[in-house]
Structures are given as C-alpha cells and as structure tokens.
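*Asks:* Below is a structure I'd like to ask you about.
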Amino acid sequence: MSKRLVNFSSLDLFDLCERKYYYEKIEGVDEKDSPILLIGTAYHAAIADLVCSALPVDAADKVFMDEAFRDSLARFKISEAELRAEMTVNLGRLLTDVIYAAVIVPEFRDGKHIIEHQYKNYKTGFYGTVDLVSLNTPVVDASGRVIGKTPSPCVIDWKTLTSDRRRSQRDAVYSPQLASYARAMNVRNAAFVEIPRNLEKEIRVRVVNYTEVEMRNWASVLDAQRAALISRRKTKVNFKPTNRKNPLCSPIWCEHFCKCYELSPLTSTPEEV
C-alpha cells in the first residue's frame, strides 16, 4: 500500500461527498475566508484559552484583540458585539456543561499552552490535528446533554453549528473522522461537541464508545477509504465523483450546491447529483 499521507479531514470530506471533495481538494476552491470557518477558528482559539484560564469572558475578549479577525468580521457584515456576546455565553456553557467533565491537561510548548494534538504516522498513512484529548469521557443522555463522566481517555472534536441540521448519534457512530481520531490517539472513546450559533439551542455532545472489535473493523475501513482516495488522486484529471445523493445537498448546507447543478464534467443532468 502506498505510504502517502492522507489528512483526517480530507477522508471525512471524501466520505461525505466526493463532489465537495473534488471542488475543494482538486479544483482548489478556497474557503478559508468563509464566515463559518472564520468563526469556527475563533472558537477553537477561545476554547484553548478557556481550558487554560477557565474565564469565559477573557477567552472571548482575547479573540477580538486580533485586528485581522475584526476586519474579516466587518467584511462579512458580522456584528462584532453580537458575536462577542454569543461566544461569551457559549464558552460559559462549555465550561460548565462539557469541560468540567472532560479534565483537560494542556501542554506548554513554544511559550504557550496547546490543547490540539498534531498527528503524523507513516505506518497508518494519516496526518492531521486532533482537537482535544481529555482524561475523562463525557456521559450523555439521549438529547446529548452531559450528565456525568467516566475515567477513560477520549478524543473530542468541536463543531460550530450554523444551521438546524444537528448531528445524530448515528452520525457520530459512523463518522470516519471520529474513528480516525480515536485510532490515531489509541483510545476507544470519541465525541462531537456541537456549539450552536443560535443561543436558544443547547450545546450537544455525541459520544461513541468503541469496542476492540469495532476499532479493528474501523482500521480496515479507514485503510480501504484511504486507498480509494489516493487512487482517485492519481487520476485527478478524470476524477468522476460518485452520483450518490449528498445528504447535505442543499444551498443551505452546501456552498457547492449551485456548481453541482451546472452542466460540467461532473454532471450532465441535475438528477445525477
């Protein structure tokens, strides 16, 4: 098998929608300046500071000290005051609803505290960044609310939610991203933590507790998906995404929706999308 490295997020994107993968990874459609990625990056930075300081207001304020960040908010016509207030509330929720149960020990490196874990392994063929590894695994009820913890390590992936489509427990169980994170950090517990933009909606946590057999099965699945992705890369000029329906195929969910419905080498009729 080729030892070329595949990024965790690329694998997850390829599994979700090969057309979306095509536009972003092969056509090179740049989404770095999209509003949701901008806000998601801001939340990641604030959460890292929150874990280290346990002060939600300070963590939110520090994000807005970045002039480039404030300029980007203005370009997207996002209210700085409203987002600051929202982040302060959500960070407070995270602290009381999730972080208290996780027990996170930041690593001090290069003069700052770091909670993300950089991973690169030529044996498995994957690389990427794991958002967080906690000492405890959250225990949640059916709604995704944290009601306790168990003393076992867990990988956590933060998700900033911008719509009403929330991840179900099934989404978490069958997520290649969560499984690849767990495999990378050699743990059997993984969780999505959804941070809503709408303050009327609660933070939701979806936890997966893998058995040893499930982890072995996931290793085979991930290796097969990685091999398929690399194979498609080799013929990128003739890359033909599968025509299965993307579950997020809507202008609300997918920024590539309109392009998919144009006549292009990818599709000849809308029904093929």
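The values are calculated or read from the model by the stated rules, or taken from the named source; none is laboratory data. Predicted, not measured: the structure shown is a model, and the values here were computed from it. For neighbour counting, all protein chains shown are included, and Cβ atoms are generated from backbone atoms with ideal geometry for every residue, glycine included.
*Asks:* Specify which of the listed residues (Arg75, Arg93) is under 21 Å from Lys201 (Cα atoms) and either surrounded by 13 or more Cβ atoms within 10 Å (Cβ to Cβ) or not hydrophobic (A, V, I, L, M, F, W, C) (or both). Show your work before the answer.
*Replies:* Numbers: Arg75 fails: under 21 Å from Lys201 (Cα atoms).
None of the others qualify; the one that does is Arg93.
*Asks:* Quick check on Ser134: is it of a type outside the set (A, V, I, L, M, F, W, C), at pLDDT 85 or above, within 18 Å of the chain's Cα centre (by Cα) and farther than 11 Å from Arg206 by Cα? Before the answer, list the steps.
*Replies:* Details: of a type outside the set (A, V, I, L, M, F, W, C): yes; at pLDDT 85 or above: yes; within 18 Å of the chain's Cα centre (by Cα): yes; farther than 11 Å from Arg206 by Cα: yes.
Answer is yes for this residue.
*Asks:* Out of everything in region 201-233 that is surrounded by fewer than 19 Cβ atoms within 10 Å (Cβ to Cβ) and among the hydroxyl-bearing types (Ser, Thr, Tyr), what residue ends up being modelled with the lowest pLDDT?
*Replies:* Per the criteria, the residue is Ser231.
*Asks:* What is the number of the single condition among (1) over 16 Å from Ile156 (Cα atoms); (2) part of a helix (DSSP H, G or I); (3) modelled with pLDDT under 90 that His113 does not meet?
*Replies:* With (1) over 16 Å from Ile156 (Cα atoms); (2) part of a helix (DSSP H, G or I); (3) modelled with pLDDT under 90 applied to His113, the lone miss is (2).
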